[in-house]
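Working notes, beginning with the structure itself.
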Amino acid sequence: MSQLDVHFWPDNKHIQVRPGTTLLDAGRRAKAQIRTRCDGKAACLMCKVIVKDQSGLAPLNNNEKFKLGSQADEGYRLACQARVVGAVTVEVPEDPLKAAIRKQLAKQAEDDDLF
């Protein structure tokens with residue numbers, strides 16, 4: 001059976017998977033940092049990823065369409081629902097808590113430089 005390439009950014013993780021594998025499963029195997037709380041049941045919406053060229057993924061299922069709404073038009077997919085059908089590159093957004101902490105630390109460093 002053929003293997004398909006999946007590349008995760010910004011971690012620069014790469015893995016080959018069988019067709020039909022979810023992005024969440026591929027990410028776990030590649031050790032990409034995709035957050036989830038519901039263990040892949042499309043309940044927590046934490047596993048949102050961005051896929052600009054979605055030709056390597058199966059079309060959105062009804063659950064994904066409902067959960068993502070207009071974000072689907074922006075390239076978002078639920079990693080637990082999106083299934084690989086071809087080579088695909090996935091952007092994993094920064095964890096919101098880490099982003100907030102990073103911004104706060106940067107602001108603090110900037111403020112410290114002023115004094």
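The values are calculated or read from the model by the stated rules, or taken from the named source; none is laboratory data. Here the structure is a predicted model, which is why all the values come from computation and not from measurement. Please note: Cβ atoms are built from the backbone with ideal geometry, for glycine as well, and neighbour counts cover all protein chains shown.
State yes or no: is Asp53 of a type in the set (Asp, Glu) and closer than 16 Å to Cys80 by Cβ? Judged against the criteria, Asp53 is not a match. Evaluate region 34-44: report whether one residue or more is touching a Lys or Arg at 6+ places or on another chain (Cβ under 7 Å) and either at pLDDT below 85 or not charged (D, E, K, R) (or both). Yes, there is a match, as at least one residue in region 34-44 is touching a Lys or Arg at 6+ places or on another chain (Cβ under 7 Å) and either at pLDDT below 85 or not charged (D, E, K, R) (or both). Of the residues making up region 19-53, those that are touching a residue at least 60 places away in the same chain (Cβ under 8 Å) and either in a loop (DSSP other than H, G, I, E, B) or within 16 Å of Lys67 (Cβ to Cβ) (or both) number 8.
Hey, among Arg77, Arg102, which residue is surrounded by 11 or more Cβ atoms within 10 Å (Cβ to Cβ) and part of a strand (DSSP E or B)? So that I can check it myself, show each step before the final result.
Details: Arg102 fails: part of a strand (DSSP E or B).
Step by step, each of Arg77, Arg102 is checked, and only Arg77 is surrounded by 11 or more Cβ atoms within 10 Å (Cβ to Cβ) and part of a strand (DSSP E or B).
Would you confirm whether or not region 50-66 contains a residue that is aromatic (Phe, Trp, Tyr) and exposed (fewer than 15 other Cβ atoms within 10 Å of the Cβ)?
Of the residues in region 50-66, the ones aromatic (Phe, Trp, Tyr) are 66.
Then drop every residue that is not exposed (fewer than 15 other Cβ atoms within 10 Å of the Cβ), which leaves 66.
Yes - at least one qualifying residue is present in region 50-66.
Just so you know, in region 40-87 the residues that are more than 13 Å from the chain's Cα centre (by Cα) and of a type in the set (Ser, Thr, Tyr) include one that is nearest to Arg28 (Cα to Cα), and it is Ser55.
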